[in-house]
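Worksheet: one structure, shown below.
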Amino acid sequence: MTQPRNLREYEQRAREILPQAIYDFYVGGAGDEITVRENEQAWAGLRLRPRVLVDVSACQTSTTILGQPVSMPLLTAPCALNALAHPDGELAVARAASAAGVIQVVSTLSSYSVEELASASSGMRWLQLYCYRDRGLTKALVERAEAAGFGALCVTVDVPMPGLRERDIRNGFKVPPHVRAANFEQAIPDVAEGSALLAYVADQFDPSLTWDALDWLRSVTRLPIVVKGILTAEDALLAVQHGVVGIVVSNHGGRQLDSVVSTAEALPEIVAAVEGQAEVYVDGGIRRGTDILKALALGARAVLIGRPYLWALAVNGEAGVAHVLTHLHDDLKLSMALAGCPKLSDVGPRLVRVAAD
Ligand SMILES: Cc1cc2nc3c(=O)[nH]c(=O)nc-3n(C[C@H](O)[C@H](O)[C@H](O)COP(=O)(O)O)c2cc1C
């Protein structure tokens, strides 16, 4: 079988392979999935203003993220239970990310533990943190991540409770017995009706969380703190005031509140509000090198990809994820060359046409 040529072909192939309930869990979003669609459409709707007769014989994509050198401005987004796609799950993603020289952001609900991941590859990793009602449990996980050499905490703030994921409810989504939330002793229990994962999240995550939680986290860890799930300038400013060093502009891939602003639309106001006091990253619907270029032009330091690496993992394990990362790297370099931007510092706001132009 020929290798998929792009991220869309990986998704098509994954759809043929995966059981319907797992495909639906990965592809789906909340409500009418308006935001799932709009995330991709918003990048596609932006138009580039390329410059010509620039020497683009060598395009440079390396940069730093929180001071850490990386090969390109891209991270793998935290996605729960990668072992649903492939038995090697997050271990395969860790190896592929490490070989590609990018940071892997590992979900709290990873199917391999932080210690297993640390011993599997020497790559760069952040822990995505969900704050549990049980602060002791949350603190213990933070301490384990710190001990295991994780470089930052990425606190997800857009899940006070799970979004309305009707596909999962309809499918009665269960976590198969061979897949575990490996950071915890307790298994995700089955439920009589609806989605086991949504019920677990509603039961365990703390819906009363406020900005004070960031101050508490800073008191229990030395790790730098990034927040994920910011969509407004107001919240971006509050995040900076609470000492975060990075902000992920994200709507959770359209899986939480449906019909929120797309991330491409939210990004500029957040970049403007933050005024360089924190690094700003963005995720949601990034599928092409041109999407990365547009995100950087709007002021993001880097992008994250979620579903695309899950599809690649399902299709071809570690090699699939490695291929997707190489493909996006090549696509970014080509896009930079054709836009007349040999260096990332050449990618500025004038590269995209904004509606008012
Ligand atoms: C199957 C799946 C599981 C996810 N699990 C988590 C998670 O555990 N923690 C988290 O912060 N975000 C989670 N996300 C959101 C992603 O980190 C990311 O924000 C989103 O997938 C980006 O959009 P994209 O899939 O269009 O690239 C998940 C997304 C998907 C598709």
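The values are calculated or read from the model by the stated rules, or taken from the named source; none is laboratory data. In this text, all values refer to a predicted model and were calculated from it rather than measured experimentally. No Cβ is skipped: glycine too gets one built from the backbone with ideal geometry, and neighbour counts run over all protein chains shown.
So here's what we get for this one:
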quantity	calculated
Residue count for the range 209-233, restricted to those that are touching a residue at least 24 places away in the same chain (Cβ under 8 Å) and either assigned to a loop (DSSP other than H, G, I, E, B) or not aliphatic (A, V, I, L, M) (or both)	13
Residues within the range 116-166 that are among the hydroxyl-bearing types (Ser, Thr, Tyr), part of a loop (DSSP other than H, G, I, E, B) and either at pLDDT 95 or above or closer than 30 Å to Asp32 by Cα (or both), tallied	1
Some residue of the range 339-356 being modelled with pLDDT under 95 and either part of a helix (DSSP H, G or I) or of a type in the set (Val, Ile, Thr) (or both)	yes
The range 244-276, subset in a loop (DSSP other than H, G, I, E, B) and in contact with a Leu (Cβ under 7 Å, 6 or more places away or on another chain), residue farthest from the ligand (Cβ to nearest atom)	Val245
Residue satisfying condition, being within 11 Å of the ligand (Cβ to nearest atom) and surrounded by fewer than 19 Cβ atoms within 10 Å (Cβ to Cβ), within set Asp24, Asp32	Asp24
Sole residue being surrounded by 15 or more Cβ atoms within 10 Å (Cβ to Cβ) and touching a residue at least 24 places away in the same chain (Cβ under 8 Å), chosen from Gln3, Gln104	Gln104
From Tyr281, Tyr200, residue being within 16 Å of the ligand (Cβ to nearest atom), among the hydroxyl-bearing types (Ser, Thr, Tyr) and closer than 23 Å to Ala94 by Cα	Tyr281
So Cys79, is it in contact (Cβ under 8 Å) with a residue 60 or more places away in the chain and farther than 22 Å from Ser345 by Cβ	yes
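Quick grid of which residues meet (1) within 14 Å of the ligand (Cβ to nearest atom); (2) farther than 25 Å from Pro207 by Cβ; (3) acidic (Asp, Glu):
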position: Ala118; (1), (2), (3): no, yes, no
position: Val159; (1), (2), (3): yes, no, no
position: Leu164; (1), (2), (3): no, no, no
position: Val179; (1), (2), (3): yes, yes, no
